Amino acid sequence: MARLVIFLGLLWSLSVQANGLTLTDVLQDVPELNASIPTPEEIVGIKVGERHWYHHEILAYLDALAEVSPRVQALGAHATSYGGRALVSYAISSPENLARLDEIKAARSAIIDPAQKPDLTTQPAVMHMMYSIHGNEPSGANATPLVAYYLAAANDPALQAQLNDVVIIFNPMLNPDGLDRFARWSNDNRGLVPSYDSNDLEHQERTPNGRTNYYGFDLNRDWLPHQHPESQGRLALFHQWKPNVQLDFHEQGSNSHFFFMPGKPERTHPLTPAINQELTAKMGEFHASAFDQDGVLYFTKERYDDFFMGKGSTYPDLFGSVGILFEQPSARGAGQQTVNGLLTFPYSIANQFRASLSSLRGTSALKAELLAYQRDFYLKQKRQRGVYLATTDADPTRLKEFVRVLKGHQIEAEVLAEDTQVEGQRYEAGRTIAIPLDQPQATYLAAMWNRQLEFEEDVFYDVSTWTMPLAFNLVYTTEPVKGLKTSALTDDFLRGRVDWAESKIGYLIDWRDSSSPALLYRLLEADANVRVAKRPLSARVIEQGTVTFGYGTLLVSAELDSTITDEVRTLLQAAAEEGTPVYPVASSDTPSGIDLGSREFQVLTLPKVLMVVGDGTSAYNTGAIWHLMDRRLGMPVTRVESTQLRNIRLQDYSHVILTNPLDKLVVGWADKLKQFVTDGGVVWAQGGTTVASLMDAGLVQGVWRQSAAEIARAKLKSQREKDDVAAEAVESLLPERRPFASASDEAAFRLVSGVILKGDVDVTHPLGYGYTSSTLPLFRQGAQFMARSENAYSTPIIYGQEPLLSGYMSEENRQLAAGAAGLLVDASGRGAYVLSLDNPTFRAFWWGSQRLFVNAIFFGELLEEPK
């Protein structure tokens, strides 16, 4: 029977691949259609699935439907991508519902307010249909014209009843930049007679591929931190409508079959109510019926999970909604040969169409249960009294960004009104935020705040932890504090403003604030004389008296026999008025520490950075660095394709950034890199494979730390080469036999797939400038660990003896991490290699550790190796 289904599917695929997809190709019984509603082909000129549609074509068709159909209403743009493309959503429902759409939207807030008792029988359910957050998973977005046409044109009584029950918020594409990048690649690389060989160029996208957004970020991992405009607009749309069901349409490996939720039951977030999974399973019955009717194979309750609360299908689960993930095998082009036969693009679109309609049927049928679940979620959720406290060490910019993240989830923050001390930590009034636990989104707040070390299941589809106060390196309370006075949070609290005044001596800039690096680059670009303090000091500040400054403080002063230029003064004044801590000094003589004329101030030069991108690199890693430098520092980075490195003069640059192995690059480039560092350049080498390749090339010394078992095996091997060793000793070091079926899960137990480790940072080291506490939470993926440098001064970060702050990590890996190096500096000649196994710019929201990378860029000239 399975072979017959596959054979029939193959025949069906061949019949539609050349001419695209119409309703007759996917529906057994096409209802009567409203002739006044235009088909996709009539508006755009091509059929769905004939080729990959572009962003503007999909919107053009949906806009045309909104003009003529009483069932479709354009809601306008909720965001604009970095690439300048609008993200537009639409409401699809019965004309009666659309006529009172504002009333329905307003009523959504009453459902989640325990103080109100709305009449749920008068309310429709709301379903948020989201497609192709990964741009090279295009069958979802390409299905939307056909889905919308059917919903707008079909004169089917059953459909009309469903649209009476449900308001659809139709979000045709979540990643327009990635979608267009992939569409262009596929359309430009397919022939008149497409090749279905997976090795064909059409199926082998270059890096960065269409999965990611403009800067190379996975937007489906950005629901929690929402660092990007697409995500910020999407969250605002979600909270405006507070959907009962949220659909997330994806693609997976070509050799799979269709997947729909529920996922693996053991991998469900502990705060997700049991009824959420029950409703997910009930929705699954509608999907199963639709796919069984058409003989399409599928699977469920495997592989995918509901644990990480920062994806489109899991985020809703802690807001009284039901998130549903769909994974369609991907043709990755016009079509591709798979183990299951020929998979064509139209066939993959048809399955997304089926899932869209089955979701509407399920939401309509379960309307009363879904509405009641959402209301009860907020009635029954656990709320505590008291507040969480959080503050930073003189970095209001970082705290401001943290508050923005909270507000994006509709979590409100206040300001601490009086000084308090909790567990030995002092929290200052006016500089500390207080987050009440008794508020509507208390459940999601708990998920953001939680540090988890014990798990029912130790295998994770994504990261095992995401504690947001640690990501931002905040000083915070882990338990609620009661009885504190708070006040409303205002913009002035977050500005950190310093009053401007003219100074003949110069200006000190506090490096602790996250806005200071962008100012530094603008100053260096303007040829300002900027020096960095290698020692602490206190200084006399005009109109403020004595102010204390730490390692890394910047000093802007005039060069000999000159004055500070008007351009530089304008930059400093504008920055100060925006809140960057710029202090006008009254004297070079300081009350304590180094004087302003001390040789312990070192002159800084304008960095010029080269980063290797393209083939052999990861868009995630290079994109995060590009985003940091471009958007937050406002400085250019020269991105060079790995294949073009042979043509590059490295001496034209101050830094080279490597995020992937040297052996993936051009032959002979290691010698050029060695000379570059010898002559004074800095190499930032990120990731275990990158560091390993530098070791293999002889550019840095061996750095790996071995586990006790590895050391014992090496010792035993050495002994066996010299003399006989007892058989019992050999047997004791051999692994025990285990069931074959458990191999993949047990291998996953040994992975480090996203944990937070406790780093101990040397705040006197140039890479530690700006940190005032030695404790620094670091995000870690990967089970390799470095030994400390033989030079006592060249390990600026060491993991703690109890390294794990949150997440899953095996005992063996905990022992390996304890006391290991988190960051190494290997000086060579006049330059240095900075070796980082961690990604300090992870997903753009590790604001606490991104300073390490920033310091390496601006203070590279200070990375000497003291003897």
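Read the figures in this text as sums done on the coordinates, not as results from a lab. None of the values given here were measured: they were computed from a predicted structure. Note that each Cβ is placed from the backbone with ideal geometry, even for glycine, and that neighbours are counted across all protein chains shown.
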TODO: Find the centroid of the Cα atoms in segment 528-568 and in segment 377-421, then give the distance between the two in whole Å.
DONE: 34 Å
Open item on the list: Can you give me the angle between helix 566-578 and the longest principal axis of the chain, using Cα atoms only, in degrees from 0 to 90, rounded to the nearest 10?
Closed with: 60 degrees
Task: Dipole-positive endmost among Pro124, Leu699, Ser828 within the chain (Cβ charges, Cα centre) - done: Ser828
Task: Angle in degrees between helix 55-68 and the longest Cα principal axis of the chain, rounded to the nearest 10 - done: 50 degrees
TODO: Kindly provide the pair-distance distribution of segment 48-186 built from C-alpha pairs, with 5 Å bins from 0 and whole-percent values in order of increasing distance.
DONE: 2, 10, 19, 20, 17, 14, 10, 6, 3, 1, 0
TODO: Would you mind putting 831-841, 342-352 in packing order, based on average other-beta-carbon counts within 10 Å, highest first?
DONE: 342-352, 831-841
- [ ] Within segment 109-146, which residues have the backbone N less than 16 Å from the label spot 7 Å out from Lys282 along Cα→beta-carbon, could you tell me?
- [x] 120-121, 124-127
- [ ] Give, in nm to one decimal, the length gained when the segment between Asp197 and Ala236 is fully stretched (0.36 nm per residue of separation minus the Cα-Cα distance).
- [x] 9.8 nm
Task: Tail beyond 22 Å, pair distance distribution of segment 387-494 (Cα, percent) - done: 30 percent
Open item on the list: Once you place label points 7 Å from the Cα toward the Cβ at Glu600 and Glu369, how far apart are they in nm?
Closed with: 7.0 nm
- [ ] For segment 527-683, state the average projected area of the convex hull of the C-alpha atoms over all orientations, rounded to one decimal in nm².
- [x] 11.6 nm²
- [ ] May I ask you to compute the full-extension gain from Lys867 to Gln160, defined as 0.36 nm times their residue separation minus their alpha-carbon distance, rounded to one decimal in nm?
- [x] 246.6 nm
TODO: Would you mind computing the Rg to Rh ratio of segment 471-537 from its alpha-carbon coordinates, Kirkwood style for Rh?
DONE: 1.09
- [ ] Report P(r) for segment 257-408: all Cα-Cα distances, bin width 5 Å, range 0 to the bin holding the largest distance, values in whole percent.
- [x] 2, 8, 15, 16, 16, 13, 10, 8, 6, 5, 3, 1, 0
Task: Residue-averaged [θ]222 nm for the chain, counting only DSSP H segments that reach four residues, each worth -39500 (n - 2.57) - done: -10000 deg cm²/dmol
Task: Whether segment 326-410 is rounded, prolate or oblate, judged on the alpha carbon gyration tensor where a/c under 1.5 counts as rounded - done: oblate
Task: Relative packing of peptides 464-477, 182-195 - highest average C-beta neighbours within 10 Å first - done: 464-477, 182-195
- [ ] Work out the length of the dipole vector of the chain about its Cα centre, built from +1 on the beta-carbon of each Lys and Arg and -1 on the beta-carbon of each Asp and Glu, and round it to the nearest 20 debye.
- [x] 560 debye
Open item on the list: Nearest 10 degrees is fine. How inclined is helix 274-293 to the longest principal axis of the chain, computing both from alpha carbons?
Closed with: 50 degrees
Open item on the list: Which one, Ile58, Leu399, Pro138, is farthest towards the positive end of the dipole of the chain when Lys and Arg carry +1 and Asp and Glu -1 on their Cβ?
Closed with: Leu399
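Which of the peptides 356-362, 384-390, 318-324, 23-29 is most tightly packed, and how do the rest follow, judged by the mean count of other Cβ atoms within 10 Å per residue?
Ranking, from highest mean packing down: 318-324, 356-362, 384-390, 23-29.
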Open item on the list: Which residues among segment 137-173 fall inside the zone where the amide N is under 14 Å from a point 7 Å beyond the Cα of Gln293, along Cα→Cβ?
Closed with: 156-160, 162
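Efficiency by 1/(1 + (r/R0)^6): what FRET value for Ile275 and Lys482, r their Cβ-Cβ distance, R0 = 30 Å, to the nearest 0.05?
0.45
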TODO: Rounded to the nearest 0.05, what FRET efficiency do Leu379 and Gln28 give with R0 = 45 Å and r taken as the Cβ-Cβ distance? Could you check?
DONE: 0.60
Task: Kirkwood Rh, angstrom, the chain [1 / mean 1/r, Cα pairs] - done: 29.6 Å
Task: Geometric extent, Cα atoms of segment 499-603 - Rg, Dmax (angstrom) - done: 12.2, 32
TODO: Can you tell me how much longer the chain between Ala429 and Leu453 gets when fully stretched, taken as 0.36 nm per residue apart minus their C-alpha distance, in nm with one decimal?
DONE: 5.4 nm
Open item on the list: Give me the Å³ per residue figure for the convex hull around the C-alpha atoms of segment 118-269.
Closed with: 176 Å³
Open item on the list: Suppose R0 equals 35 Å. What FRET efficiency, 1/(1 + (r/R0)^6) with r the Cβ-Cβ distance, do Ala35 and Arg184 give to the nearest 0.05?
Closed with: 0.50
